[in-house]
Amino acid sequence: MGYVIYFSVIAVIAVIGILLYNYNKKTYTVCVEAVITNCDVRIKRNDSSSHESNKIYYYTCEYYYEGQQYIYKYTQSGSFQYSFAIGQRIDIYIDPNKPDKAILDHSSDKVGLIVLLSILGALTLAGIAILVLTKIYSKIGLV
């Protein structure tokens, strides 16, 4: 009975993750071209090393949708960063119902989904391993 509950919880988590991914993907459906107008770089003070991952980038982008100008501010930090120059043109995705809401792209959604599915896969494999080991040990008489 415990295994049924275990796999049911994994299935529910997977379904919720996929629904959230698809919802966010459907919300930001219009691709527009934006121009990087400003980039502010700050160093994190909590670490004395000068690694690239200690920098925080604050980008300001301007874009037009249906003749109106909007500003999109994007912050990134960590070791997995994009590199943009002032004046560079990039594609961003906006919500056509709320054009002031934007995301850089859907790759962050994909990374989150890949991580979620990887964790769920590892949990599933662990559950299967526990199930198999329990069956083997019960036949031997150790359980």
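If Lys and Arg each add +1 and Asp and Glu each add -1, what is the summed charge of the other residues whose beta carbon sits under 14 Å from the beta carbon of residue 65?
-4
Could you rank 66, 33 by how accessible they are, 1.4 Å probe, largest area first?
66, 33
Among 31, 39, what's the order by accessible area (1.4 angstrom probe), most exposed first?
Largest to smallest exposure gives the sequence 31, 39.
The values are calculated or read from the model by the stated rules, or taken from the named source; none is laboratory data. No experiment lies behind these values; they were computed from the predicted model shown. Here the Cβ is made from the backbone with ideal geometry for all residues, glycine too, and neighbour counts use every protein chain on show. To get the accessible areas, we keep the full protein, side chains included, count just its heavy atoms, and leave off ligands, DNA and RNA. Shrake-Rupley method; radii C 1.70, N 1.55, O 1.52, S 1.80 Å.
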